[in-house]
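The values are calculated or read from the model by the stated rules, or taken from the named source; none is laboratory data. Being a predicted model, the structure only gives us computed values, none of them experimental. Here the Cβ positions follow ideal geometry from the backbone for every residue, glycine too, while neighbour counts run over all protein chains shown. Ligands, DNA and RNA are stripped out before the accessible areas are found, and what is left, the full protein with its side chains, is counted by its heavy atoms. Shrake-Rupley method; radii C 1.70, N 1.55, O 1.52, S 1.80 Å.
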Amino acid sequence: MGKTSLIFVGIVACLVSIASATPGIATFYTSFFCMLRKRAEGNMISAAGDALWNNGAVCGKMFTGTCTGPRNPVPHPCTGKSVKVKIVDHCPGCSSTIDLSREAFALIANPVSGIINIDYKQYE
């Protein structure tokens, strides 16, 4: 009986963790300005789109993201991995929620896709 209860608790914990993620859109960038930021922050960085930026409240915060599917005809872009990034910039007018560094994007999806659906949440 104890083993069954433990398995049930584990399943519920996984579902709660998955349910707390927010759906969004991810793209990646290669601009020179962001390359300068990468030297100081490392490769796992991101700019926040307007929907996430919240007047800079997310600047310096860590987020995890997982690809959930394509947004264009590129089939099966997701790698099945997750990425943890630090928000270091604002991407005003971007069509995405999170604009990842190329390295962060490539960890969770094929860069050929260019734009993907993601689930993301603030890392605590």
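Does N54 satisfy the condition of being surrounded by fewer than 21 Cβ atoms within 10 Å (Cβ to Cβ) and over 17 Å from A21 (Cβ atoms)? It is true that N54 is surrounded by fewer than 21 Cβ atoms within 10 Å (Cβ to Cβ) and over 17 Å from A21 (Cβ atoms). The number of residues in the stretch 79-104 being over 14 Å from G24 (Cα atoms) and open to solvent by less than 50 Å² (accessible area, probe 1.4 Å) comes to 8. Scanning the stretch 108-124 for residues that are under 17 Å from A21 (Cβ atoms) and either polar (S, T, N, Q) or not in a loop (DSSP other than H, G, I, E, B) (or both) gives I108, A109, I116, N117, I118, D119, Y120, K121, Q122. Taken as a whole, the structure places T68 among residues that are open to solvent by 40 Å² or more (accessible area, probe 1.4 Å) and under 13 Å from I25 (Cα atoms).
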